[in-house]
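In what follows, a structure is listed as structure tokens, so that the remarks can point back to it.
Each reported figure results from applying straightforward, stated rules to the coordinates on display, with no laboratory input. None of these values were measured; they are calculated from a predicted model.
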Amino acid sequence: MTDAFVFAANAVLPIVLMIAAGYVLKRIKLFNQGFLEVGNKLTFRVLIPALLFYNIYGIGSLEEINFGFVLYGVLAIIAIFFISVVINCMFAKDNAKRGALIQSAFRSNYAIIGLPLASALFGDKGAAAAGVMSAFCVPLFNILSVITLSIFNGNGEKGKIDVKKILLGIVKNPLILATVAGLLTLGIREIFVRCGISFRLKDIEFLYKTLENLKSVCTPFALLVLGGKFEFSAVKRQLKYIVFGTVVRTVAVPVIALSIAYFFIPGLLGEHFATYIAVFGTPVAVASAIMAKEMGADDELAGQLVVWTSLVSTVTIFVYVVIFRAIGVF
């Protein structure tokens, strides 16, 4: 149990400390508002796309996919999305807050925390299963986020659905473009393997090294920028929404999704549950706050939810890991 707690803390606390560092740098005036605005755009349009492309290209062979495992993950995310739309439309009156809350319910920090978490919980098998799931859930997270923030934001008429705008947002979204590019490159690699062609993207060393460097910069830079935008004064003003969103993300969603998987989905193994904890149990994605800012939702609330779900998840992830170990899954 101690090892499980230490691991959970080691996975999440560095994120919290990087956010704290960004907050301090803003307070001592090393960061100004102009830098944070540009940093937000750089993260959303360059660094996170590079991270997504790199992670997807790093997936192994897709031949041994357990489609029941993938299908449940995808359907559960979609179900969480629709349920959260209904609940948050009743809970919040402000459209911009609805967008932030809905996104926080279904969108986990899968790329930054989830993938290494699954690997640590179930070794190479956990990493492989999580890699396969990323090819499906990462595009889904981003498509649903574009839909959510196109409808629920502070820029337009409340509740107005513009299908053309939503489709255009999906097509132009840098995170979705990076995911599609990663899947296409992965597909080309599979074709090369089948044809006995030895050439790989890694053989273009200067290009691949640049991609690695951008990927490595992404997480710390995004967290510093998020910390610079964090305001404690917002906690009291947003307290009701922070508590609600944090409980939904860290307790309601993982408890329901993991329970259904355990009791009703046959044939699942330890690596599959490690992946589900990574999908449903990790805190809100850092990209959610960046995308909220870019698309006119309540980015202040979205940033607060990233911070507080990260803090609370140090406890909840530990609990889920201990429970699954106790019942013999891990």
Notebook entry, point to check: When only alpha-carbon atoms count, how far does region 63-204 stretch along each of its three principal axes, as whole angstroms with the largest first?
Noted result: 57, 33, 24
Next item on the list: Tabulate in residue order the Karplus-calculated ³J(HN,Hα) for region 236-248, using 6.51 cos²θ - 1.76 cosθ + 1.60 with θ = phi - 60°, rounded to whole Hz; enter x for Gly and Pro.
Entry: 4, 5, 10, 3, 4, 6, 5, 4, 4, x, 5, 5, 4
Checklist line | Vicinal HN-Hα couplings computed from phi for region 223-234 (Karplus, 6.51 cos²θ - 1.76 cosθ + 1.60; Hz; Gly/Pro x) | finding: 6, 4, 5, 4, x, x, 8, 6, 10, 5, 4, 7
Margin query: Can you tell me what percent of all Cα-Cα pairs in region 149-284 are more than 23 Å apart?
Written below: 66
Item checked: Dimensionless Rg ratio for the chain, taking C-alpha atoms and the 2.2 N^0.38 Å reference -> 0.96
Notebook entry, point to check: Contour minus end-to-end for VAL251 and LEU75, with contour as 0.36 nm per residue of separation and end-to-end as the Cα-Cα distance?
Noted result: 61.5 nm
Next item on the list: Step through the residues of region 204-215 one at a time and calculate ³J(HN,Hα) from phi using the Karplus curve (6.51 cos²θ - 1.76 cosθ + 1.60, θ = phi - 60°), rounding each to whole Hz and writing x for Gly and Pro.
Entry: 8, 4, 5, 6, 5, 5, 4, 4, 4, 5, 4, 4
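222 nm [θ] for the chain, helices only, -39500 (n - 2.57) per DSSP H run of 4+, per residue, to 500? Walk me through the numbers before you get to the answer.
Details: 14 runs with 253 residues, N = 330.
Estimated from H runs of four or more residues: -26000 deg cm²/dmol.
So which of LYS26/LYS215; LYS97/LYS229; LYS209/LYS229; LYS29/LYS236; LYS41/LYS229 end up more than 21 Å apart by C-alpha? Each step should come with its number before you reach the end.
Working: LYS26/LYS215 24 Å; LYS97/LYS229 17 Å; LYS209/LYS229 31 Å; LYS29/LYS236 24 Å; LYS41/LYS229 13 Å.
Exceeds cut-off: LYS26/LYS215; LYS209/LYS229; LYS29/LYS236.
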Next item on the list: Find, to one decimal place in angstroms, the Kirkwood hydrodynamic radius of region 245-286, where the mean of 1/r is taken over every pair of different Cα atoms and then inverted.
Entry: 10.7
Notebook entry, point to check: With Rg and the Kirkwood Rh both taken from Cα atoms, where does Rg over Rh land for region 117-198?
Noted result: 1.15
